[in-house]
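**Student:** Here's a structure for you.
The values are calculated or read from the model by the stated rules, or taken from the named source; none is laboratory data. A quick note: this is a predicted structure, and the numbers were derived from the prediction, not measured. Counting neighbours? That spans all protein chains shown, and the Cβs are built from the backbone with ideal geometry, glycine included.
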Amino acid sequence: MDAEKLKQELIAYSKTIGVDKIRFTTADVFQELKERLKQQQENNYQSGFEKGTIEERTEPKKLMPSAKSIIAIALAYPSRLPNAPKSTKEEPRGLFCRASWGMDYHEVLRDRLNKLAAFLAERVDGFTYRSMVDTGELSDRAVAERAGIGFSAKNSFVITPEFGSYVYLGEMITNIPFLPDEPVEDSCGTCTKCIDSCPTGALVQGGQLNAQRCIAYLTQTKDFLPDEFRSKIGNRVYGCDTCQLVCPKNKGMDFHLHEEMEPDPEIVKPLLKPLLKMSNKEFKAKFGLISGSWRGKKPIQRNAILAIGHYKSTSAVPDLIELMEQDPRPVIRGTAAWAIGKIGLPEGYEAIRNALVKEREEQVREEMEKGLQFEQQYAETH
């Protein structure tokens, strides 16, 4: 087998199936990442969504003993929403982050990786592989960085020269000894726009993220959102793009290369009020194909309630009162009470007081008290 010839054939084939960038690296240990992960663990900066042990996440041969190299791929996704619907105070809209526009990227990249694997299986006897997209043990970012897809930036994204950081990443461990490609030079320089612009200070220093403070992570949690982050979330119902939007490397980057990734404006910038009473069946029918639905309906509804409070949308108060009084989920009842208080209508405060008498869940009662504090603040300032 001529590995170099095969590599060139695979690169040529990848372009015919919609892979925007493909690079190769060794299956050596990711030593620098290993040290960084240990530090993340010590500082409690992890999100809890990580898969596998530190060894499994940094040693490809732990995942596939016959590993000789890793193929890294990148697909560019859009950054601008054509015909974006307008949001108003009384008809407010939420926003899904750009990485959740279009069809679930896990499915799109798995499709490309499966096609690459089929191509290699036809040409190499005894070919073995293991593919991963985001939810595997390996760090997509570390693989892409070492393979030369792009450099690992201060905002913790991989930035490619061609597409900025608006790329999905995936990789395939193989038993073929492909010659590795050279990494891309880091060109963040002295720029700290992403660190300075992060709404919650989650970017501790260049390239290090405290996931516990990252809005992208917080929007995926299912419990009450901590108070300090409620005013920061704005109208985000899933994810956050701030550190990508401010990056100079992303200026003018907007690629519409894949039909599956084209966003539906009514899905990625949805009206918030219909989300409040949406059934599981309705939620799956509308949002089930996008990656932002993976945690289910509850976090999206909680975030929608917070966003309505952010907009102070008075027309939503009757719906919020109904949630506060009748929803079986404490997080939704309590968050609704907080949002009613934030909006600030007299009938809203009256409803909170009435509900407080009947409420037995302590955390929900605390949220109701927080809602009533807005009335007190209003009275003190007017």
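**Student:** State whether one or more residues within region 308-324 are over 19 Å from the mean Cα position of the chain (by Cα) and aromatic (Phe, Trp, Tyr).
**Tutor:** yes
**Student:** So, residue 167, is that one touching a residue at least 40 places away in the same chain (Cβ under 8 Å), crowded, with 21+ Cβ neighbours inside 10 Å and not hydroxyl-bearing (Ser, Thr, Tyr) or not?
**Tutor:** Here the answer is yes, as residue 167 does meet what is asked.
**Student:** Can you tell me which condition residue 133 does not meet? The list is (1) buried (at least 17 other Cβ atoms within 10 Å of the Cβ); (2) touching a residue at least 40 places away in the same chain (Cβ under 8 Å), and all the others hold.
**Tutor:** Status for residue 133: all satisfied but (2).
**Student:** For region 3-38, give me the residue count where each residue is under 23 Å from residue 163 (Cβ atoms) and free of Cβ contacts under 8 Å to residues at least 40 places away in the same chain.
**Tutor:** 5
**Student:** Where in region 316-382 are there helices (runs of 4 or more DSSP H), lying wholly inside it, with at least 3 residues that are surrounded by 18 or more Cβ atoms within 10 Å (Cβ to Cβ) and touching a residue at least 60 places away in the same chain (Cβ under 8 Å)?
**Tutor:** It comes to 330-343.
**Student:** Now, a different point. Take residue 57 and decide whether it is modelled with pLDDT of 95 or more and either surrounded by 21 or more Cβ atoms within 10 Å (Cβ to Cβ) or not aromatic (Phe, Trp, Tyr) (or both).
**Tutor:** no
**Student:** Select from region 170-190 the residues that are in a loop (DSSP other than H, G, I, E, B) and either crowded, with 17+ Cβ neighbours inside 10 Å or within 23 Å of the chain's Cα centre (by Cα) (or both) and list them in ascending order.
**Tutor:** 175, 176, 178, 180, 183, 184, 188
**Student:** Just one of the numbered conditions (1) in a loop (DSSP other than H, G, I, E, B); (2) of a type in the set (A, V, I, L, M, F, W, C); (3) over 21 Å from residue 105 (Cα atoms) is not true of residue 12; which one?
**Tutor:** Looking at each condition in turn, residue 12 falls short on (1).
**Student:** Something else about it: Please give the number of the condition residue 122 fails out of (1) under 21 Å from residue 216 (Cα atoms); (2) charged (D, E, K, R); (3) at pLDDT 95 or above.
**Tutor:** (1)
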